[in-house]
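The values are calculated or read from the model by the stated rules, or taken from the named source; none is laboratory data. Here the structure is a predicted model, which is why all the values come from computation and not from measurement. Methodologically, a virtual Cβ is constructed for each residue, glycine included, from the backbone with ideal geometry; neighbour enumeration extends over all protein chains shown.
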Ligand code: ZN
């Protein structure tokens, strides 16, 4: 069976940046499983999987437009330390949920100077070109229930 809208796809992947550094990998874990055609994974990767079959191995380079978007400097802000629930324990690299005009985002603490905390609301992979090494392990027909929910139900289990 080929990957198409309404199929459930399982695949192993290794994600590296343009410097060759590994950012993420499914090695040693279960393959990632998603419902194709419902924007459950980044569009550049979903597009590259279209038409593939179990056993296919390929590499794809995904630019920001097919990945996590371009960086937006307006999402970098300096706020007072008192805005955080754990003001005494802030460290660069910590991540929090925060409200922005466009909705809720994950922000990453970039820098701390006294009570001034600089946070970045960009996705950590925004602006990056990503290299995926992919091995498709399974392609199956989605159930009617999965299609109506727009996501996969793992192992036939429906706990939500
Ligand atoms: Zn569901």
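Results, tabulated for the structure shown:
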item	result
Verdict on residue 158 being within 30 Å of residue 57 (Cβ to Cβ), out of contact with any strand residue (DSSP E or B) (no Cβ under 7 Å at 6 or more places or on another chain), at pLDDT below 95 and within 16 Å of the ligand (Cβ to nearest atom)	no
Condition check for residue 58: more than 25 Å from residue 150 (Cα to Cα), modelled with pLDDT of 95 or more and surrounded by 12 or more Cβ atoms within 10 Å (Cβ to Cβ)	yes
Boolean, residue 77 is more than 18 Å from residue 154 (Cα to Cα) and not in a helix (DSSP H, G or I)	yes
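Condition check ((1) in contact (Cβ under 8 Å) with a residue 12 or more places away in the chain; (2) more than 25 Å from residue 21 (Cβ to Cβ); (3) in contact with a helix residue (DSSP H, G or I) (Cβ under 9 Å, 6 or more places away or on another chain)) across all residues:
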{"position": "68", "(1), (2), (3)": "yes, no, no"}
{"position": "72", "(1), (2), (3)": "yes, no, no"}
{"position": "82", "(1), (2), (3)": "yes, yes, no"}
{"position": "105", "(1), (2), (3)": "yes, no, yes"}
{"position": "109", "(1), (2), (3)": "yes, no, no"}
{"position": "151", "(1), (2), (3)": "yes, yes, no"}
